[in-house]
Structures are given as structure tokens and as C-alpha cells.
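Working notes, beginning with the structure itself.
The values are calculated or read from the model by the stated rules, or taken from the named source; none is laboratory data. These numbers were taken from a predicted model, which means no experiment stands behind them. Cβ coordinates were reconstructed from backbone atoms using ideal geometry, including for glycine residues, and neighbour counts include every protein chain displayed.
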């Protein structure tokens, strides 16, 4: 058994964009999938996921379906494998309208085309009739975003929405998401390994390391003075911030270190870090850090 | 040390209705001793093809590659083979560039045996020495690639390349599959090894942050052509070509003011099978003039750099 996510707590407030950042294998995608209960059946999810005063974990499958896509939508990473290769883009964007709004195909199609237009797909009437393989990577991501936003969900979970795209296209997608989300007044949980993406889209940032949240801070505080030693090292390992490597590598989730999970790589580690597991400490209002330095 | 002149490569598609794609369309560059030349551009612009053409992993249609005074474009296979230890490549996906059924020890020993660089009895010692040099330990010798992480595999590949003592290395996106903190480890290691062994390097990447940190000279590619080339710092300080400007503007600086508009250019790279007439960038260029649609700009000197744009 692997404990991919360990006692994670976070809030996404109304009209807020929260960034969930971490390196590969830290559990960020698993966390996101667990919110909409999209994990496979052999996973055990414990805890509470409170959305508008109801606990999603205890909800029936039927009610859950009404939430997915209508109330909470997910934009998955890797659009090519998330889109159905044998259905046209237009039809796939029409689906949420038919499912959740009870529209007939013709009406849903019209709505889908205007969604594609809002996502700035050129000549949407013609492109709607095309299949995913005829779209470029950036266009596919735009189609995914249109699908996700189709029913104006209140919370959008976006998993690495810019992964695998070129820089100029990434910039376009970020701009588009910012625009669409602001216009609709939705909240967003954005999962990314790219700190630059987070710094541009988010109000607050939560950093995960080895299945745990190690810091939650406002975006300004985080970038001007990261609190957790991992976040400090992570920021200074960026090429433009000095490219100072963090020694060692992330622990395997099968065999996590005792005490603080970051202690083998931490330059501030002392005796207590090796034996005792740190709780989350509040540094100041809105800043929470899992580190004994702030105990 | 390495000079590339007017390198061209066309790929063709189709049997009856042949269509051709000019992947690399007249690239010229020079790389000096111990120098790192960066090649940057969006996916599909032909930067990987340039790297492969230089090493003759694929054959060019025309142009010359001169390595240490030897024109390698006309070289016979057997002669080329003798040069191979001097010119090596680091691929982007280290996991798939290692043989899955060979132990790390065997993978690193292979080039040593092939080129008979050390006597049979000393291979074991040499392999260990190479492994330790790239930051791995003895325990990794008997592992298989799937037992190591992406960063560790990239270290193994680097050890294998260094085993041959090359004078020139093509590094084709060596860290694009790695996390930032691991990326920093690998790039620092490449820098350190370059200090130690003094090889020259063609560094291919789409990540401008990495390029700025790693290279001294830079070429910006767009649809098979160089649009700007010069010293890396000069290009980053004052980008001249509208495409270079857009690329640099698209680099999202961590912690920057988030209200700043970051969308520098509209549209996407045109279909390379059917490239635009005139300047290939005119379809997305914010400073387009009439002439751009008709005439393809030549490379001209503009201050410290060379630019292919009608504005200069």
C-alpha cells in the first residue's frame, strides 16, 4: 500500500485561485482526482471534502454525477489522451450541455461553438466538425477548457493545463484561463509543477512535498520570502534564480523518511527533525508551514 | 572547432502526391573551443534535426559540417566511425536511451569496449570512476535503468558519453523531462564536466531560462531557419527580431506582477508542409510590413547580432 497523500487540508475560497505546486510524484494529481472521486476503486480516501456544506466523500454516485461538470469541472492534463479520438470536438463540447442542461443536440452544438469561440479557436464552426488529431496541442487544450467551462462550474480543477505546450502557446493559454475564470467569477484549483504559471494565475499557493502540504502562503509572501526550507531551495533551483540544486532526491512514497520528510535534504535540519514529524504551524495570518523552525 | 554551412534537410511525405517539408532550411553556425552554443525555438522548428544532421545521425540534402578542419559531410562510414568518439549526443529522454536489459555497468562499459579505450582488466575500475564522477555510487552499477530515476539515468548517459572523452557534445533538451530541482542538478553537472573536460556543446532547448544560464552564444530558430544569432547576453538584453522579442516576453518570470499582460503573439506556428511566403513569421508578426509577405529576409548584421528581418 502506498500512502500517496497524507493528511492534506486545504481550502479554496470563492473567487479564488489556489495553486497546488510540487514535483512529480508528490501526490498533487492524486489529491485533485480524489476531490471529484475519480480514483480507481481500490483506493482508500479518508477525510472530508466539503463543497457548499456537503461532504463529497459521503455523497451517492448519482448525486456525484450532478456535481461533476456542472458544479465542479476538471480540466485534465494531456488533452490528446483525455479527448475521445473518434468523436468530433464539437460533439464533445456539446456533451455537457446535453447532459446537464437537457438540451437537444442542435442547441447544444450552437452553445458548443460559442464556447469554442470564447476559447479563441479560429473559425469555430468549421473546426467544431474536426477530430482531436486534426487539432494542434494548443488548440486541443483550448477545446478541453471549453468543455470544462461549458456549464459555468463554480469550481474548476485544472491539472497541469500548460504541460507540453510551447512558451508562446503557454502564455496564450494562461491569458485565456485568467480571462474566462475572471469573467465567470469561478474559483479554481490549479495544479502545476511550474512556479511561473502559479505566480501568474493564483492568489494563494500550496506546496506539496512527498504527499504532504509543507507550506500554504499568499502569492506575494511566498515569492518574496518562502518559509519552508524546501520552498526556499525549490525557488533557488530555478535557472533564473541561480540554479542552485537541492541535494539528493525526493523520497519514494513507499519508504518515507522518519521525522520530517524533507530532513535528509534540509540544510536547517536538527535533531528534532530526524525523529519527530512536524505539524502545520501558523506563521502569521494566512501563512501555514510544516516545519519546526516555526514551532 | 565546428563550422556548419548552409545546412539543409527536406523530408518528404506521400507516395503519389509527394509533399515536402523543409525541416532545416539553410542553417549556418560556428561553435568555438569550449563554447556552448544554444539553439532555441518552439516545437517543430527543426532544432533537433539540426543536432542530428551535424552528427550525421541523419543525412543532409546539402550544406557542410566541418569538424576540426575535416569536412564530415562527405566522409565514408568507416572514417566517420573513427570520429564518433569525438562527437557525442545526450538525448532528451534518458530512460529510453539506455538499453532496458543491460545493467548500468554494462551500458557504461560498452563504449569503452567498442573503442578499446582501456584494457579489459581495467574496465570495472573505469566504470566505477565514471559513475562516481557523475554523482552515482557503486551500488548503482548492477541496477537496471528502470530501477533508477530520470535524473539518475541522465547521469548514467552523461557518464557513458564522457567515457569516450568527446570534444563536442550535442545536448538535445537533456532536462526537459525532469523536475526543476533535478534539472538544476543535471545542468550544474554538465557545467562542471565541461569545466573539467573542456568539450564544446550545442545545447538545444525550448526553455529560455535554461538557455540563458547555460550558453554563451545563441541561435533562435523559426520554421527551419535561424532568425537571430549572436551572444546570448546581447540577445536577452536587446532582442531584435520580433519573434525573439515575443519568445523572451513569453518567459514568465517567477513572482512577477501578475497583472502584466503576458500574451505576446497571437496564433500558432504555421503548418511547415505549407509555410507562408516571404518571411515565415509574417503571419504572427506584430510589426508586419508589405514586403514581408513577398520577400524572404536575408541574415544581416544589426549591432552585435545577426538578424533575418526586413526591419533591419
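Before moving on, here are some points about what is shown:
- Search result, residues across segment A:257-276 that are assigned to a loop (DSSP other than H, G, I, E, B) and either in contact with a helix residue (DSSP H, G or I) (Cβ under 8 Å, 6 or more places away or on another chain) or surrounded by fewer than 17 Cβ atoms within 10 Å (Cβ to Cβ) (or both): A:257, A:258, A:259, A:260, A:262, A:266, A:267, A:268, A:269, A:270, A:276
- Residue A:20, sole failed condition from (1) touching a strand residue (DSSP E or B) at 6+ places or on another chain (Cβ under 7 Å); (2) at pLDDT below 90: (2)
- Filter pass, residue B:195 being away from chain A (no Cβ under 14 Å) and without any contact (Cβ under 8 Å) to a residue 12 or more places away in the chain: yes
- Looking only at segment B:9-30, residues that are crowded, with 18+ Cβ neighbours inside 10 Å and touching a helix residue (DSSP H, G or I) at 6+ places or on another chain (Cβ under 9 Å) come to 5 in all.
- Total residues in segment B:158-180, condition in contact with a strand residue (DSSP E or B) (Cβ under 8 Å, 6 or more places away or on another chain) and not in a loop (DSSP other than H, G, I, E, B): 7
- From B:64, B:59, B:33, B:42, residue being touching a helix residue (DSSP H, G or I) at 6+ places or on another chain (Cβ under 7 Å) and at pLDDT 90 or above: B:64
- Residue check, residue A:59 under 17 Å from the mean Cα position of the chain (by Cα) and either touching a residue at least 60 places away in the same chain (Cβ under 8 Å) or more than 14 Å from chain B (Cβ to nearest Cβ) (or both): no
- Of B:177, B:171, all but one fail to be away from chain A (no Cβ under 11 Å) and within 17 Å of the chain's Cα centre (by Cα); the exception is B:171.
- Checklist (1) surrounded by fewer than 16 Cβ atoms within 10 Å (Cβ to Cβ); (2) over 28 Å from residue A:221 (Cβ atoms); (3) in contact (Cβ under 8 Å) with a residue 12 or more places away in the chain applied to residue A:10, failing item: (2)
- Residue B:154 falls short on exactly one of the conditions (1) away from every other protein chain (no Cβ under 14 Å); (2) buried (at least 21 other Cβ atoms within 10 Å of the Cβ); (3) in contact (Cβ under 8 Å) with a residue 24 or more places away in the chain, and that condition is (1).
- Of the numbered criteria (1) farther than 30 Å from residue B:177 by Cα; (2) without any contact (Cβ under 8 Å) to a residue 40 or more places away in the chain, the one residue A:81 fails is (1).
- Residues located in segment A:162-210, provided they are surrounded by fewer than 23 Cβ atoms within 10 Å (Cβ to Cβ), within 11 Å of chain B (Cβ to nearest Cβ) and within 14 Å of residue A:11 (Cα to Cα): A:203
- Residue count, segment A:277-287 (criterion: touching a helix residue (DSSP H, G or I) at 6+ places or on another chain (Cβ under 9 Å) and in contact (Cβ under 8 Å) with a residue 24 or more places away in the chain): 3
- Selected residue (criterion: nearest to residue B:27 (Cα to Cα)) from residues of segment B:287-312 that are in contact with a helix residue (DSSP H, G or I) (Cβ under 6 Å, 6 or more places away or on another chain) and free of Cβ contacts under 8 Å to residues at least 60 places away in the same chain: B:310
- Unique residue being under 16 Å from the mean Cα position of the chain (by Cα), within 30 Å of residue A:71 (Cα to Cα) and part of a helix (DSSP H, G or I) when the list is A:198, A:171: A:198
- Residue tally, condition under 15 Å from the mean Cα position of the chain (by Cα) and either surrounded by fewer than 19 Cβ atoms within 10 Å (Cβ to Cβ) or within 20 Å of residue B:96 (Cβ to Cβ) (or both), over segment B:204-234: 5
Quick grid of which residues meet (1) away from chain B (no Cβ under 14 Å); (2) out of contact with any strand residue (DSSP E or B) (no Cβ under 9 Å at 6 or more places or on another chain); (3) assigned to a helix (DSSP H, G or I); (4) over 27 Å from residue B:208 (Cβ atoms):
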{"site": "A:97", "(1), (2), (3), (4)": "yes, yes, yes, yes"}
{"site": "A:109", "(1), (2), (3), (4)": "yes, yes, yes, yes"}
{"site": "A:129", "(1), (2), (3), (4)": "yes, yes, no, yes"}
{"site": "A:147", "(1), (2), (3), (4)": "yes, no, yes, yes"}
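- Taking the listed residues A:226, A:239, A:245, the one that is in contact with a helix residue (DSSP H, G or I) (Cβ under 6 Å, 6 or more places away or on another chain), surrounded by fewer than 23 Cβ atoms within 10 Å (Cβ to Cβ) and closer than 28 Å to residue A:138 by Cβ is A:239, with no other qualifying.
- When A:32, A:4 are checked against the criterion of being buried (at least 16 other Cβ atoms within 10 Å of the Cβ) and within 20 Å of residue A:149 (Cα to Cα), a single residue qualifies: A:32.
- Restricting segment A:228-246 to residues that are assigned to a loop (DSSP other than H, G, I, E, B) and more than 8 Å from chain B (Cβ to nearest Cβ), the residue that is modelled with the lowest pLDDT: A:242
- In segment B:31-45, the residues that are crowded, with 24+ Cβ neighbours inside 10 Å and within 14 Å of chain A (Cβ to nearest Cβ): B:38, B:40, B:41, B:45
Per-residue answers, yes or no, for (1) more than 26 Å from the chain's Cα centre (by Cα); (2) surrounded by fewer than 23 Cβ atoms within 10 Å (Cβ to Cβ):
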| position | (1), (2) |
| --- | --- |
| A:103 | yes, yes |
| A:116 | no, no |
| A:126 | yes, yes |
| A:135 | no, yes |
| A:141 | no, no |
